[in-house]
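Below is one structure, written out as structure tokens, with a few remarks after it.
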């Protein structure tokens, strides 16, 4: 599923594909624009994104 959010560093709109086959995920992904690391966390319920967080590291 494609999900859009704003980078917590530079504010640019980012689009990424989320794997909804796992109920809870946390990983680090670099911003496509400013290249800073973003911690991505999300949960899935009924094949939908229930919660989504994108936050700075540190």
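Readers should treat all values here as calculations from the given coordinates under stated rules, not as data from a laboratory. Keep in mind the model is a prediction, meaning the values are calculated, not measured.
Descriptive notes on the structure:
- The mean sequence separation of alpha-carbon pairs under 8 Å and at least six residues apart, normalised by the residue count of the chain, gives a relative contact order of 28 percent.
- Value in Å of the Kirkwood radius, where the chain supplies the Cα pairs that are averaged: 11.7
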